[in-house]
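Remarks on the structure that follows.
Nothing in this text is a laboratory measurement; each read-out follows from the coordinates by a stated rule. The shown structure was predicted, so the numbers you read here are calculated from the model rather than taken from an experiment. Note that we place each Cβ from the backbone using ideal geometry, even for glycine, and neighbour counts take in every protein chain shown.
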């Protein structure tokens, strides 16, 4: 098979929170091959977001190695697009100017006219058409998420790191956006690492789902989702295979919720 | 961060008193008050207090007219505005530049902050004799004084503004592929701009006070010099005439600044 895009080997990450050492990740091994869509699920605070930060080159592992296309991750990793859980739109830029920002940078500068066209297309795609001149402070939380998603997708990075991108969206819009993400990543042959709380979302979208344990996070189970790609995000939920995967993964996951039983 | 809190408080106050302007009744009331005070002053002079101590509005008006015609007013007004403006611009820009450097280079900031804080606390007027020795009694010593005052105001404000930029925003731009200069131009500069503008705004009146104060203490030109030299000759009318011009300047400047306030940025929601 192809060389892995992302490769974590024996990765641990410790955080020093005011003198108290907290272990966020412990012995994580994960391989993401080209054009695979890998979802990370697990309880809150299990270190899923830390994995993304490591791959993005914003954090260094305390032990083990994080490699991107065979080499240690650069700081920061400019070959990925990263949509963090936190809002990182620039408040003084309009929605259109925020989305067009990556195309203003010298490394992929486009002319004004072409940039404008691409921004218009992108806003159409994420359902923000007509809101280009608004400022982030004038939008709802869900709309800001969509703007951040558009800003990342517009420059089509080869790998996407997504941290609960659809968490704040209403159910209908969530489906539309999931479908668009599936279509786009398939079309552009992107590799995706996707953090979510939503098991249904993970199974519907991903080729592989990694279930994390409670903190310190380890991968409890890595499950291949053998549903044919590309999928219809809505109808795939009603197939018997889907229900099987859901049962299987939910049984793994539910043991990580609830109290007691921690090693 | 108390400096920034103070700046915010000041901005909040200046932004609050915007409405209730279009009412002509307010203007009429204001004019009436001024007229009544002037009339009282005119009548009371030499009745309630000696003319030598309090002068009177008619004399002051005559004096202002004479100064305007013989060029005295122009000379001194220009000197004050020149010292004020030149010090404001050079000191302000230097403060912004150094503020940016310290905001970005944390290590330099840690090393230097002690010295900067010590100098900031020093009453700058006390440095005037030094500046006069170094730059002479003319405009340059006043420019240096004003520049020193505004330098620290814009320095602190710019530095705090740069520090206040969310590190996650910087990280997201770097991942997007932004170079160092692009992070400066697309993130740090626009994010810090409101801080800089607030510092520049509060500095306007602070530096005017500094300019005139410096001129009163030691100078050979300027409105402050006019006040000091008139007072030395027990020329109360001259003191009041020069003070009147200062009141007018202050009123004009404040009107201009509050007018600009209306165009405050929409993105701050």
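Points worth noting:
- Ranking of B:102, A:25, B:119 by count of other Cβ atoms within 10 Å, fewest first: B:119, B:102, A:25
- When its C-alpha radius of gyration is set against 2.2 N^0.38 Å (N residues), the protein assembly as shown gives a value of 1.37.
- Rounded to the nearest 10 degrees, the inclination of helix A:112-125 to the longest alpha-carbon principal axis of chain A is 50 degrees.
- In plain terms, the residue of B:59, A:2, B:164 with the fewest other Cβ atoms within 10 Å comes first and the most crowded comes last, giving A:2, B:164, B:59.
- Gained length - residue B:43 relative to residue B:189, 0.36 nm times residue gap less alpha-carbon distance: 46.9 nm
- Look at the alpha carbon pairs under 8 Å that are at least 6 residues apart: their mean separation over the length of region A:1-47 gives a relative contact order of 40 percent.
- Calculated P(r) of region A:1-56 - Cα pairs past 18 Å, %: 38
- 10 Å Cβ neighbours from other chains, averaged over peptide B:163-176: 6
- Relative frequency of Cα-Cα separations exceeding 32 Å in chain B, percent: 40
- Share of alpha-carbon pairs per 10 Å distance bin for region B:123-269, given as whole %: 10, 27, 27, 18, 12, 4, 1, 0
- Altogether, the Stokes-Einstein calculation at 37 °C and 0.692 mPa s, with the Kirkwood radius of region A:77-181 over Cα pairs as Rh, returns a diffusion coefficient of 238 µm²/s.
- Region A:143-226: Rg to Rh, with Rh as the Kirkwood radius over Cα pairs: 0.96
- Average beta-carbon neighbours from other chains, 10 Å sphere, peptide A:99-106: 4
- Distance between the pseudo-spin-label points of residue A:15 and residue A:62 (7 Å out from Cα toward the beta carbon): 1.1 nm.
- Alpha-carbon centroid distance for the pair region A:121-195 / region B:116-162, whole angstrom: 51
- Least to most buried among B:76, A:116 (fewest other Cβ within 10 Å first): A:116, B:76
- Restricting the calculation to Cα atoms, every distinct pair contributes to the Kirkwood radius of region B:176-253, found to be 15.3 Å.
- Degrees, to the nearest 10: B:72-104 long Cα axis against longest axis of chain B: 20
- Residue mean of other protein chain beta carbons inside 10 Å, A:80-86: 3
- Three semi-axes describe the equivalent ellipsoid of region B:54-177; taken as square roots of 5 times the Cα gyration tensor eigenvalues and ordered largest first, they are 42, 18, 12 Å.
- Helix B:24-44 axis versus longest C-alpha principal axis of chain B: approximately 40°, rounded to the nearest ten.
- Kirkwood radius, region A:1-155, all distinct C-alpha pairs, inverse of mean reciprocal distance: 17.5 Å.
- Taking each residue as 0.36 nm, the span from residue B:36 to residue B:105 lengthens on full extension beyond its C-alpha to C-alpha distance by 19.0 nm.
- Between the beta carbons of residue B:255 and residue A:112, assuming R0 = 56 Å, the FRET efficiency works out to 0.90 to the nearest 0.05.
- Contact order normalised by residue count of chain B, Cα under 8 Å, 6+ apart, percent: 25
- Estimated 222 nm signal from helices in chain A, with DSSP H stretches of n ≥ 4 weighted -39500 (n - 2.57), rounded to 500: -10000 deg cm²/dmol
- Relative contact order (%) - criterion: Cα under 8 Å, at least six apart; region: region A:55-137: 29
- With a Förster radius of 25 Å applied to the C-beta separation of residue B:58 and residue B:243, the computed FRET efficiency comes to 0.95.
- Between region A:41-102 and region A:196-263, the alpha-carbon centres lie 22 Å apart.
- Solution diffusion estimate, µm²/s, Stokes-Einstein, region B:101-159, Kirkwood Rh from C-alpha pairs, 25 °C, viscosity 0.890 mPa s: 196
- Note on region A:2-160: antiparallel DSSP beta bridges, both residues inside, total approximately 90 percent of the bridges counted.
- Across all Cα atoms of region A:46-125, the radius of gyration (one decimal) and Dmax (whole number) stand at 15.9, 47 Å.
- Taking only Cα atoms of chain A, radius of gyration then Dmax in Å: 18.6, 59
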